[in-house]
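Accompanying notes for the structure given below.
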Amino acid sequence: MGLRNTPERYGSVAQALHWLVVLLLTGQVAVGKIADGMPDGFDKLVLLARHKSVGITILALAVIRLAWRLIDRPPPPPPMPRWQLLASRATHWGFYALLFALPLSGWMMSSASNYPVSWFGLAQLPDLVAPDRDLKHLLEEVHETLVGALIALALLHVAAALKHHFLDRDGLLWRMLPWRAR
Ligand code: HEM
Ligand code: HEM
């Protein structure tokens, strides 16, 4: 399989970015929910520091991924009704928007609560906004709402992928998998 997309399938760069981000996002949502349920204290700070570092990693991957998406055109979609085509486009671009909005809202939230964001203790990132309690609470709501949007889109996206695979049997799932269609 080549690095670049072909008219039949996604290339290994797009596939690697897709599945790596799926993996990181899954862990990220789990760790965020766990941290959210913890009492304030050292353990929570440690977990949140990891949450922030992984979140910033996702932001960097989003930049790379969007750039690659603009350079390497995706394979044309298989034949399907127009409404499904529009829904898939909206879902995919919604995902790209969330890959930026989620980490940026988290980063702004941390700055607003006067916690500097570090990337695995290796680099300290600049504060995006000045400390501000009200803004912090607002951004907490925004962050949580965006997580809800991510989960809703992911459910829709996976349902669509499984429909293509098992009902339409149009080979769409294979386009994003490293193995060849049978
Ligand atoms: C990249 C994708 C990200 C996802 C999917 C994500 C997901 C989550 C989730 C699910 C929660 C728990 C919210 C709740 O249920 O109330 C949370 C909380 C939080 N996230 Fe993120 N997050 C991301 C990125 C970031 C980044 C980059 C930062 C900061 C640099 C960050 C900072 C926080 C903070 C401070 C909390 C609040 C935890 C608490 O005080 O209870 N997040 N996040
Ligand atoms: C939160 C998790 C996920 C996110 C954020 C996500 C995001 C995306 C995005 C943005 C695309 C469009 C790629 C492009 O052309 O630029 C895509 C395509 C695709 N995704 Fe996901 N995805 C997720 C989970 C999954 C899962 C779990 C599956 C498998 C059931 C899956 C299967 C696919 C397939 C088959 C395609 C290619 C569709 C086509 O051939 O046009 N995705 N995904």
- Task: Compute the separation of the alpha-carbon centres of the range 109-182 and the range 1-69 and state it in Å as a whole number.
- Result: 7
- Query: Can you list the GluC sites (Glu not before Pro) in the range 120-158 that are in a DSSP coil and have 10 or fewer other beta carbons within 10 angstrom?
  - Reply: none
- Query: Which one of LEU47, GLY32, LEU167 is farthest out on the positive end of the charge dipole of the range 12-176, using unit charges on Cβ (Lys, Arg +1; Asp, Glu -1) and the Cα centre as origin?
  - Reply: LEU167
- Item | Under Karplus coefficients 6.51, -1.76 and 1.60, residue-wise ³J(HN,Hα) of the range 147-159 in Hz, glycine/proline x | 4, x, 5, 4, 5, 4, 5, 5, 4, 4, 4, 5, 4
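Please identify the longest segment of the chain free of exposed chymotrypsin sites (Phe, Trp or Tyr not before Pro), where exposed means a DSSP state other than H, G, I, E or B and no more than 13 other Cβ atoms within 10 Å. Don't skip to the end; give the middle numbers.
Working: sites that count: PHE120, TRP179.
In the chain, the maximal stretch lacking such sites is 1-119.
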- Item | Cα centre as origin, Lys/Arg/Asp/Glu Cβ charges: the range 1-122 dipole, Debye | 380
- Taking the reciprocal of mean 1/r across every pair of different Cα atoms in the range 12-176, the Kirkwood radius in Å is 17.4
- Task: Just need the relative contact order of the chain here, percent rounded to a whole number, with Cα pairs under 8 Å and 6+ apart.
- Result: 23
- Mind checking which lysines have their Cα closer than 23 Å to the Cα of LYS52? Skip sequence neighbours fewer than 8 apart in that chain. LYS33, LYS44, LYS136
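Since every read-out is calculated from the coordinates, none of them should be taken as a lab result. What you are looking at is a predicted structure, and each value in this text was computed from that prediction instead of being measured. Neighbour counts run over all protein chains shown; Cβ positions are idealised from the backbone, glycine included.
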